[in-house]
Each structure stands twice: as structure tokens, then as C-alpha cells.
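What follows is a single structure, written as C-alpha cells, with notes after it.
Since every read-out is calculated from the coordinates, none of them should be taken as a lab result. Everything quoted here is computed from the prediction, not taken from an experiment. Counting neighbours? That spans all protein chains shown, and the Cβs are built from the backbone with ideal geometry, glycine included.
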Amino acid sequence: MTLCRRYLIRGRVQGVGYRAFAQREALRLGLRGWVRNLDDGSVEALAAGSASRLDEFEGALHRGPRWAEVRGVDRHEESAASAPPGFTIN
């Protein structure tokens with residue numbers, strides 16, 4: 001069953017390679033979706049896949065790349081139809 005989740009990642013997550021990190025993790029896990037910076041300094045990601053793969057992705061989002069300081073990850077369920085093919089940086 002394909003699920004879709006939107007994540008809002010807060011902390012020092014811009015300018016540290018966070019979007020590229022999230023894209024690598026998503027592609028490694030076979031997820032589809034996107035990741036983008038927001039004007040308030042946070043990062044938003046949308047990912048679709050199996051529950052176990054999304055849970056693994058969320059764990060990676062909490063860790064982030066080496067120079068990030070993740071202070072929180074909020075998760076919201078979405079419609080799987082909203083996820084595009086592949087996984088892009090927007």
C-alpha cells in the first residue's frame with residue numbers, strides 16, 4: 001500500500017546540503033516526491049512509498065546531513081496522488 005506524507009523540518013537545515021541529503025535518502029529507499037526550502041528557513045518534503053520506507057526516511061530526516069541541526073520534524077498524511085514520479089529538489 002502506498003502512503004504519502006508531508007514533512008516540515010525545522011532547525012539549521014538550509015545552506016547545509018539538507019535537500020540533497022533528503023533526495024539521496026529518498027532515492028535510496030525508492031520513494032517518490034520532492035523537497036524544497038521555505039522562506040522561513042525550514043525545509044518541506046513530500047514523499048510517497050510503503051509505511052516502512054517512509055518511517056526509515058523520517059528517521060533520516062531527523063538526523064540530517066553532517067552540518068544540519070534538526071530541531072523538529074512535523075509529519076502530515078497526504079494523498080498519494082499528490083506525489084510526482086521520481087524525487088526532485090524544487
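Once you put a point 7 Å from the Cα of Ser79 and another 7 Å from the Cα of Leu38, both along the Cβ direction, what distance in nm separates them?
2.1 nm
Report Rg/Rh for the chain, rounded to two decimals, where Rg is the Cα radius of gyration and Rh the Kirkwood radius.
0.93
Going 7 Å from the Cα of Ile89 toward and past its Cβ, which residues in the range 8-50 have a backbone nitrogen under 12 Å from where you end up?
Backbone N within reach: 14-25, 35-37.
I need the trypsin sites (Lys or Arg not before Pro) found in the chain, filtered to DSSP loop residues with at most 16 other beta carbons within 10 Å of theirs. Show your work: numbers first, answer last.
Numbers: sites: Arg5, Arg6, Arg10, Arg12, Arg19, Arg24, Arg28, Arg32, Arg36, Arg53, Arg63, Arg66, Arg71, Arg75; in loops: Arg66.
Those satisfying the criteria are Arg66.
In degrees from 0 to 90, rounded to the nearest 10, what is the angle of the helix 51-63 Cα long axis to the longest principal axis of the chain?
The two axes meet at around 0 degrees.
How much length would be gained if the chain were fully extended between Arg71 and Arg10, taking 0.36 nm per residue of separation minus their Cα-Cα distance, in nm to one decimal?
21.4 nm
May I ask which residue of Gly33, Val43, Ala22 lies farthest towards the positive end of the charge dipole of the range 3-78, with charges of +1 (Lys, Arg) and -1 (Asp, Glu) on Cβ and the Cα centre as origin?
Result: Ala22.
Only sites in a loop by DSSP and with at most 15 other Cβ atoms within 10 Å count here; which chymotrypsin sites (Phe, Trp or Tyr not before Pro) in the range 20-89 make the cut? Walk me through the numbers before you get to the answer.
Numbers: sites: Phe21, Trp34, Phe57, Trp67, Phe87; in loops: Trp67.
Sites meeting the loop and neighbour criteria: Trp67.
Might you report the magnitude of the Cβ-based charge dipole of the chain about its Cα centre, with Lys and Arg at +1 and Asp and Glu at -1, to the nearest 20 debye?
Working: 14 positive and 11 negative charges, 59 e Å.
Result for the chain is approximately 280 debye, rounded to the nearest 20.
What shape does the range 38-81 take by its C-alpha gyration tensor, where a ≥ b ≥ c are the square roots of the eigenvalues and a/c under 1.5 counts as rounded, a/b above b/c as prolate, and the rest as oblate? The partial results should precede the final answer.
Values: a/c = 2.58, a/b = 1.40, b/c = 1.84.
Verdict is oblate for the range 38-81.
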